[in-house]
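Please treat every number below as a calculation from the coordinates, not as lab data. Since the model is a prediction, treat every value here as computed from it, not as a measurement. Here Cβ is always computed from backbone atoms with ideal geometry, including for glycine, and neighbour counts include all displayed protein chains.
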Amino acid sequence: MKKLILLVGIISLVAAACSSSDEVVSSVNGEDITRSEVESLVRESADGFSNQDFATYLSVVIQWEAADQAAVEEFGVAITDDQIDGRVDELVVSSGPEATLEEYLVSVNATESGMRSFAESLLVQEAIEAELLSEVDPVTDDDIAQEIADFPGDWTQVCAAHILVETREEADDLKVQLDDGGDFAALATEFSIDPGSGANGGDLGCATPSGFVEPFAEATLVAELDTVTDPIESEFGFHLIVVNDRIEAPTEDVRAYLTETRSQDALSIWFTAMIEGTDVTVIDSVGVWVTDPTPQVLASN
């Protein structure tokens, strides 16, 4: 997964850096990593790195280096300075249209060199994903249909309203009134104990059922349109539901999701094999490199 390679956001986890040196603290397939390379990721602080902080950052640098090497060796990936400049600009703009590089670096506690390393790692990952995706089976229409059938609550938007009451007797009484022509919105406003939708005539708007409590969600997927359901019991009470519309997600949205899922699965498999096959050493005073259950440097005490 992405976080295995990049540990996205790790730059902002620790607000510390200490005096740097050229001491070699680790090697990746014979390529040395110095203490200064690790410490230069973040802005200076009088507090300095704890052993755990340093091990965490070193874990990131090791994974970046291993991925960089493998990307070059297996796929011939070459990232240019212009590409890195462009990605840094994108990261800055993503924090706000008027943001400056310096403001962004302060907000994430990164140095410019640390941010450039992070940007490069993103580009390397994307290049690897593109290469792996070319080997993944394309998503078919049958795959899309199966996904929607298996997870209808994720791929259908329901536009619904409900009246929530505490007892079945209340729900049964309101159902009789509605069947006799009672105004749903008026009755919801008067009797519903749902503080959100009650004051709005019971209207819940349009949303995916997966966000609702299970009995309610299931009912919205099968209810006859524009017809009030029988009382549906949930942990909150008894619901009378009317579904006004059901909108299935565009097939291209499902295709994009399945493609991304397959890409991420391929990346995870590739990364696991790559990192387990990488020769990593870490000096004893810093810690021990492990890959199970996740690639990391376990800090020495």
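Just a few scattered comments:
- Separation between Cα centres of segment 139-213 and segment 35-82, rounded to whole Å: 50
- Contact order normalised by residue count of segment 152-248, Cα under 8 Å, 6+ apart, percent: 42
- Value of relative contact order over the chain, rounded to a whole percent, pairs C-alpha under 8 Å and six or more apart: 23
- Taking 0.36 nm per residue of separation and subtracting the Cα-Cα distance, full extension of the segment from residue 248 to residue 101 would add 48.7 nm.
- When the Gaussian network model of the chain links Cα atoms closer than 10 Å, the mean-square fluctuations of 232, 275, 33 top out at 232.
- Computing Rg and Dmax of the Cα atoms in Å for the structure here picks out one of (i) 27.2, 84; (ii) 22.2, 88; (iii) 17.7, 51, namely (i).
- Prolate/oblate/rounded call for segment 69-183, Cα gyration tensor, a/c under 1.5 rounded: oblate
- For residue 210, net neighbour charge (Lys/Arg +1, Asp/Glu -1) across residues whose Cβ lies under 12 Å away: -3
- Prolate/oblate/rounded call for segment 152-248, Cα gyration tensor, a/c under 1.5 rounded: prolate
- Centroid-to-centroid separation of segment 92-126 and segment 266-301 [C-alpha atoms, Å]: 26
- Net charge of neighbours whose Cβ lies under 12 Å from the Cβ of residue 244, counting Lys and Arg as +1 and Asp and Glu as -1: -3
- Net charge of Cβ neighbours under 15 Å - reference residue 22; Lys, Arg +1; Asp, Glu -1: -4
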